[in-house]
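Note sheet for the following structure.
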Amino acid sequence: MALNTNRELVNKKLLEELELNKKLLKQGGVPTLNSQNSLPAGLNPPNKKPLGHSDAPVLSATQRSALNLARTQSYGYYISQDSSFGNLILPVLPQFDDNLQDVEGFDNPKISLEQYTTTPHLSACILHSIQSTYGDIEGKIVADLGCGCGILSIGSLLLGSAYTVGFDIDTDALEIFTSNIEDYELLNYELVACDVTSGISSKWENFFDTVVMNPPFGTRNKGVDVEFIKAGLKLASVVYSLHKTSTRDYFFKKSKEWNVNCKVVAELKFDLPNTYKFHSKKSVDIFVDVLRFYR
Amino acid sequence: MLTSKCMKGVTQGYPLGIQAREVKVTESEFNIDFVSRVIPKLDYDTLWTAADGLGYSTDLPKTLVENYESNEDFLKKIHHVLLEIEVLEGDLICPETGRKFPITSGIPNMLLNEDEVKY
């Protein structure tokens, strides 16, 4: 199987890297995960960490080797992250990932809404890091803003949310959501077609325990990402949102303005498939943060 | 049901009336913790009126019972109304303007036409 060959290749690469890191350590140099960029094209090591962020969890050489070892020797995915419990390496269960594989993306994505399909793997990573670090999914009442075809909503339900409500402006996407969720025998959910930035009824205020979202990044419609977070903070006291790592400092600043806390829960790689005609490359990797806004 | 009952907004009157053309009754797992947590978040009168309008109020007490957290029988009834009765096709109606918000395939559409949006 191609997968196995890939795995072996990654294995080999990582071992080489470890050796290199060891040498560097001996010389007093600091090994960096940047070297992972040399992985063969087409391979997506889970959650490659970008560098240069002082607040990113700092892994010691031992921890990093453990993470690499876990990634190579297990069928699970592992993410590194900062945790108050000292769990720097968190397992992300592959079964869950598989469960989400059948969730379809957008038929005809709309660029005005910046619709990009959140991949099953990315969604699994996001939700597992939220659940394993803060326990904010299982048994909780969850809202998914800009839910689109529903991958985060369905994921949250699979992880045991008590009730999930998906909000989206695009009724076409909600139709796909409905056909996606039909296969799962999940009934404790609800969908609402409305404009997330202005149309969510105030009756929903503080109705939810947790908000999750992969909002439009605001590349096309400037400021819409901020509007999504603001809308989220009205619905629950904890909001998890996916943003480009490059905008992290901006959101730290914004969160101070709003008097809420902001923390990086995980740094992930978003393998953005070629979605629109103006995309020239087959796919582009962008680094994204799962940010936790909380009161 | 839950969505229909909780709608309120600047441009939408409250409580919204509910008119059903097609209702589906399903069975879903009873989550006692969820139901008892969700009750204080709801306006009980509105919920009752809505259930009544759909013809599902027979078993439902008209006012919220005391100590409902420990009243499993009552919680099960609320569970039924909230989670097992789904309006598949119908309308939510604004009491002030008569504006209808259609429910299609179980999804209430609260989108306003451009000329209705006030900024």
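The values are calculated or read from the model by the stated rules, or taken from the named source; none is laboratory data. Since the structure is predicted, the reported quantities are computational estimates derived from the model, not experimental observations. Reconstructed Cβ throughout: ideal geometry from the backbone, glycine too, with neighbour counts over all protein chains shown. The protein model used for the area step is the full one, side chains on, heavy atoms only, and it has no ligands, DNA or RNA in it. Shrake-Rupley method; radii C 1.70, N 1.55, O 1.52, S 1.80 Å.
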- Message: Go through the stretch B:49-87 and report how many residues are more than 20 Å from residue A:201 (Cα to Cα) and either of a type in the set (Lys, Arg) or away from every other protein chain (no Cβ under 14 Å) (or both).
- Response: 26
- Considering residues of the stretch A:258-294 that are of a type in the set (Phe, Trp, Tyr) and in a strand (DSSP E or B) only, the residue modelled with the lowest pLDDT: A:270
- Message: If I go through the stretch A:272-295 residue by residue, how many of them are charged (D, E, K, R) and open to solvent by less than 50 Å² (accessible area, probe 1.4 Å)?
- Response: 2
- Message: Looking at the stretch A:169-205 only, could you name the residues that are closer than 16 Å to residue A:143 by Cβ, open to solvent by 30 Å² or more (accessible area, probe 1.4 Å) and in a helix (DSSP H, G or I)?
- Response: A:202, A:203
- Note on the structure: Within the stretch A:124-152, of all residues that are within 13 Å of chain B (Cβ to nearest Cβ) and either touching a residue at least 40 places away in the same chain (Cβ under 8 Å) or open to solvent by less than 20 Å² (accessible area, probe 1.4 Å) (or both), the one farthest from residue A:195 (Cα to Cα) is A:140
- Flag if residue A:227 is part of a helix (DSSP H, G or I), surrounded by fewer than 17 Cβ atoms within 10 Å (Cβ to Cβ), within 14 Å of chain B (Cβ to nearest Cβ) and out of contact with any helix residue (DSSP H, G or I) (no Cβ under 7 Å at 6 or more places or on another chain): no
- Message: away from every other protein chain (no Cβ under 12 Å), touching a residue at least 40 places away in the same chain (Cβ under 8 Å) and either charged (D, E, K, R) or surrounded by fewer than 20 Cβ atoms within 10 Å (Cβ to Cβ) (or both): is that true of residue A:158 in this structure?
- Response: yes
- Note on the structure: The condition of being touching a residue at least 12 places away in the same chain (Cβ under 8 Å) and part of a strand (DSSP E or B) holds, among A:246, A:241, only for A:241
- Please state which of the following conditions residue A:232 fails to meet, knowing it meets all the rest: (1) away from chain B (no Cβ under 11 Å); (2) in a helix (DSSP H, G or I); (3) farther than 21 Å from residue B:38 by Cβ; (4) touching a residue at least 40 places away in the same chain (Cβ under 8 Å). (3)
